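Right, one structure below, let's go through it.
Computed from the coordinates by the stated procedures, all read-outs in this text should not be read as laboratory data. As the structure is a computational prediction, the values presented were derived from the model and not from experiment. Ideal geometry is used to build each Cβ from the backbone, glycine not excepted, and the neighbour counts take in all protein chains shown.
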There are 2 protein chains.
Amino acid sequence: MPVLDMPALDFWFDFASTYSYPATMRIAPLAATAGVTVQFRPFLLGPIFKAQGWDSSPFNLYPAKGRYMWRDLERLCADLSLPFCQPETFPQPSLLAARAALVGLAESWGEEFCRAVFRAEFGEAGRIDDSATIARLLTALGAAPDDVLAKAKSEPIKTRLRDETQAAQQLGIFGAPTFVTADGELFWGNDRLEQALAWAARAGKKC
Amino acid sequence: MPVLDMPALDFWFDFASTYSYPATMRIAPLAATAGVTVQFRPFLLGPIFKAQGWDSSPFNLYPAKGRYMWRDLERLCADLSLPFCQPETFPQPSLLAARAALVGLAESWGEEFCRAVFRAEFGEAGRIDDSATIARLLTALGAAPDDVLAKAKSEPIKTRLRDETQAAQQLGIFGAPTFVTADGELFWGNDRLEQALAWAARAGKKC
């Protein structure tokens, strides 16, 4: 949640996105150090990719790029001491996880849930499109799985995710993770996180 | 040129590639500090993009990505105190510059020529597919333009560039800049330069 008078950064990500994994694991401590409040904004890349004429991830459509990405992510996770295990299915449908995250982000357990989903997916090669996985993660966080899964399938949450995805597209977002500052600067990719935080912190000081 | 007993890194780039500009300007001092010798390997991305079904740069094919790239490059150049001026034509045919660079890289002025080409293209919005531009850059470096341009159009240089482009494709290179270590690790993008140098330096120590 944004804190008044602190510089703000919107963190747009998709649970299907590989580089959103290290970004999600890194952002909270880095933002605290930079004095920036971060708003987690899960959205769906699928409709944005479809509008570009892609029916899958570019990492599947362009095999050389895909092979590179998996190796790059493996090296990156090793450097960050993050668990890494390539899931059998990629990309995974991220609709359920995104909806559940929207429920949690309006409560207290949202950010921790996002980290748990990414850890399950890319750290343990789990299925995040499976209600049983999501329920297990919710239970571990002390949230009530049945209630949350019911809310996740409710109209207000469905609409919210559609609106967020549309907002991402209108901002010019074309991939994930993307960081957007209050003054409208986009920074795309896990490796732009530090630069985005520095920009947000500087912009906050000017006002 | 590689120095014996020093760790080595191959630096693959295309003169048409925007992010190859900051990489080319940054690599020499960073490599010296890391104790790594770098081999400049200009190649052509065009045939590799064509093999992926693209008839232009992905930054033109995907407008949101293109708009972002130009803004990102502008910010990046500002951070690095590099001149930046967006050329009217993008991508520019890089065949002539790449062939002239291959001539220079077998002589003493190759790396300085590469930097001069990128500065003319993305720092001054110049045309690098124009013989007059290339001749002007060569003169400034003390090379003989007529001789170099004649050599650049010779069969051995034409063949060399085709072979290098094929070698890049066989290595799994799909974009530029790409850094390749002696033990076969690929690092794609200007923002992977430091990581590539660190990997090369470490790999060198193991042997």
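Structure values in brief
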read-out	value
Separation of alpha-carbon centers, region A:140-160 and region A:163-191, rounded to whole Å	25
Label 7 Å beyond Cα on the Cβ vector: A:ALA28 copy-to-copy distances, nm	4.7
Sorted by Cβ neighbour density within 10 Å, fewest at the top, the residues B:ASP129, A:ASP163	A:ASP163, B:ASP129
Integer Hz, Karplus 6.51/-1.76/1.60 couplings in order for region B:116-131, x for Gly and Pro	5, 5, 5, 5, 5, 6, 9, x, 10, 6, x, 9, 8, 8, 9, 4
For chain B: relative contact order, % (alpha-carbon pairs under 8 angstrom, 6 or more apart)	32
Chain A - mean residue ellipticity at 222 nm from DSSP helices (-39,500 (n - 2.57) per run, n ≥ 4, rounded to 500)	-16500 deg cm²/dmol
Calculated from backbone phi, Karplus (6.51, -1.76, 1.60) coupling profile of region A:97-103 in Hz, x at Gly/Pro	4, 5, 5, 5, 5, 4, 4
Pseudo-label separations to other copies for B:ALA140 - Cα-to-Cβ vector, 7 Å, nm	5.7
For region A:18-27, 3J(HN,Hα) per residue [Karplus equation, 6.51 cos²θ - 1.76 cosθ + 1.60, θ = phi - 60°, Hz, x = Gly/Pro]	5, 6, 5, 5, x, 4, 5, 6, 8, 5
Net +/- balance of residues flanking A:CYS85 in space, Cβ distance below 15 Å, scoring K and R +1, D and E -1	0
Label-point separation, A:ASP191 to B:LYS158 (7 Å along Cα→Cβ), nm	3.6
Relative contact order, percent, region B:101-183 [alpha-carbon distance under 8 Å, six or more residues apart]	22
Three-way shape call for region A:112-207 based on the alpha-carbon gyration tensor, with the a/c threshold at 1.5	prolate
Cα gyration tensor shape for region B:52-116, rounded if a/c is under 1.5, else prolate or oblate	oblate
Point-charge dipole on Cβ atoms (K/R +1, D/E -1) for the protein assembly as shown, about Cα centre, debye to 20	120
Region B:35-91 - percent relative contact order, Cα under 8 Å, separation 6 or more	19
Choice from B:GLY142, B:GLY35, B:GLY184 showing the highest fluctuation, given a GNM over chain B with Cα pairs closer than 10 Å	B:GLY142
Prolate/oblate/rounded call for region A:8-206, Cα gyration tensor, a/c under 1.5 rounded	rounded
Nearby lysines by direct alpha-carbon distance to B:LYS158 (threshold 27 angstrom, same-chain neighbours under 8 apart not counted)	B:LYS50
Pair A:ASP146, A:LEU61: separation of 7 Å Cα→Cβ label points (nm)	4.3
Residue order, fewest to most beta carbons within 10 Å, for A:TRP12, A:TRP109, B:TRP70	B:TRP70, A:TRP109, A:TRP12
Region A:60-128-region B:8-57 distance, computed between alpha-carbon centres (Å)	30
At R0 = 22 Å, FRET efficiency that the Cβ-Cβ distance of B:ARG202 and A:ARG71 yields, to 0.05	0.85
Other-copy label distances relative to A:ALA78, 7 angstrom Cα-Cβ extension, nm	3.7
B from A by rotation - nearest chain A beta carbon to the axis, in Å	A:ASP191, 2
About the Cα centre, charge dipole magnitude for region B:8-206 (Lys/Arg +1, Asp/Glu -1 at Cβ), debye	280
